[in-house]
Structures are given as structure tokens and as C-alpha cells.
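Below is one structure, written out as C-alpha cells; comments come after it.
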Amino acid sequence: MVYTGSVATGAIFRADLTTGKGALLVQPHAGRVATGLLLDDRADLLFAAGGPTGMAFVYDARTGADVAAIQLTTATPTFINDEVIVGDTAFFTDSMRPVLYRVALGRNGRPSSNATVTEIPLGGDSPSSPAARSTPTASSRSTVAAP
């Protein structure tokens, strides 16, 4: 399966690459954006970075139902771009700020209804650090967990 998100509406399209058939999994939501997507097949959850909304969204990967909407930041400018899951934690990048956002996940892989968000400053020569940025918008775009 492949998933692709809409920056304009937050809708998410799911397609089977073998058959070429697909359909909307997540219907458009007013005020939502779906940039980086991550399927956590342990819990059948689809995580979506919310771009300029400062939010992350979590959907049931089978039905497209809302599971969680998490406010990561209210700072501006912001652009929540990507995510990675490491064990029982989801980390989200902010392409406009030198930080990662940490969200603890429960044993079932789901964020709690009152999920605590921890902002982790990035320093040194990270792509988001002020010293490393060549323009105000050049910063972290993607995140990968290493073993």
C-alpha cells in the first residue's frame, strides 16, 4: 500500500501498488494538512505531520477514523514536516524551528487523549540550528531512526 496526503485539505489517499486501485482513506478536514506520513503497522495507525498547523494527526490505517489530533506547538512560523517512531515514542520535525517534538505513545502504540508534548531543542550544527541555516526556511526536513 502507498499513502499520500493533501497539503490543501488534509485528505489521505491509499492505493494498492499491485492492483493500481485506490480511494480516499481520510476525508478532507477543514484546517488540516497532511505532509509527512508514517504507517505504524504495530497498531495499524497512520501518523500525519500537520505542516503549518503546528499539529500532528493520527488515523486508524484501516478505516481512516480520527484517533488523535495533537497540538505540538503554537509557535510561528512552524512547519511540522515529518515523523519517526522509536519504541514507544513519536518524534516530529519542525522545518521552521531547530526542535524535535516528542510524544509518548501507550502500550498499544496510541497517543493518550491528553498526550504530553516535549520540545527538544536541536543545537550544534544540526540542519535546523541557526548557525547552519542558510535561509530562514532551510532546516530539518526528514527524520530516520538508526539502530
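The values are calculated or read from the model by the stated rules, or taken from the named source; none is laboratory data. Given the structure is predicted, the values throughout are model-derived calculations rather than measurements. Here the Cβ positions follow ideal geometry from the backbone for every residue, glycine too, while neighbour counts run over all protein chains shown.
Key figures
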| item | result |
| --- | --- |
| Yes/no for ARG42 being charged (D, E, K, R), more than 11 Å from the chain's Cα centre (by Cα) and under 17 Å from THR4 (Cβ atoms) | no |
| Looking only at the range 107-136, and only at residues there that are modelled with pLDDT of 80 or more and surrounded by 14 or more Cβ atoms within 10 Å (Cβ to Cβ), the one that is farthest from ALA43 (Cα to Cα) | LEU122 |
| Some residue of the range 19-29 being small (Gly, Ala, Ser), in contact with a strand residue (DSSP E or B) (Cβ under 8 Å, 6 or more places away or on another chain) and closer than 23 Å to LEU100 by Cα | no |
| Only listed residue being among the aliphatic types (A, V, I, L, M), closer than 18 Å to LEU39 by Cα and loosely packed, with under 12 Cβ neighbours inside 10 Å, chosen from ALA65, ALA104 | ALA65 |
| Residue that is farther than 19 Å from VAL7 by Cβ, of a type in the set (S, T, N, Q) and more than 11 Å from the chain's Cα centre (by Cα), where the choices are THR78, THR74 | THR74 |
| Residue satisfying all of: in the range 1-42; touching a residue at least 60 places away in the same chain (Cβ under 8 Å) and surrounded by fewer than 18 Cβ atoms within 10 Å (Cβ to Cβ); nearest to GLU83 (Cα to Cα) among these | ASP40 |
